[in-house]
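This report concerns only the one structure given below.
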Amino acid sequence: MNGAELFLGGMAALAITTVVVKAKAGVRRAQAAADIARAGTSPVSLVGRVLVTALVIVAVQWLVLTHSENVTLRWVVLGFPALVTAYTLTKALTVVEINPTHRRGGR
């Protein structure tokens, strides 16, 4: 091998190393952006679910309370949705934690 071949081989190795390093950095940036997007939309999605659940609960309660004379049915209609609402609100207000990425050096 002459000097020109060694030079071209070294340049090719440098180019490949640069592409690999940039690809890894791009993957890390994409993963960080995906984590941020997930964290940003999660509370909004949960609030939407809470509102839809509340509307369904109010509609069913209104129908039963205005059209039924059965006392047990009224208690079930008022109690069960309260449990569902409490679960949904607790889930919506719970802080979502993103696990930090581990860096070199153990910190």
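I need every pair where a residue in region 49-72 that is part of a helix (DSSP H, G or I) has its Cβ under 7 Å from the Cβ of a residue that is exposed (fewer than 10 other Cβ atoms within 10 Å of the Cβ) and small (Gly, Ala, Ser), sequence separation at least 6 or different chains.
Here the result reads none, with nothing in region 49-72 linked to a residue that is exposed (fewer than 10 other Cβ atoms within 10 Å of the Cβ) and small (Gly, Ala, Ser).
Quick grid of which residues meet (1) at pLDDT 75 or above; (2) over 19 Å from residue 90 (Cβ atoms):
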position	(1), (2)
11	yes, yes
30	yes, yes
43	no, no
49	yes, no
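Could you run through region 53-77 and say how many residues are exposed (fewer than 11 other Cβ atoms within 10 Å of the Cβ) and under 26 Å from residue 94 (Cβ atoms)?
Of the residues in that region, 1 qualify.
The values are calculated or read from the model by the stated rules, or taken from the named source; none is laboratory data. No experiment lies behind these values; they were computed from the predicted model shown. FYI the Cβ positions are ideal-geometry reconstructions off the backbone, even for glycines, and counts take in every protein chain you see.
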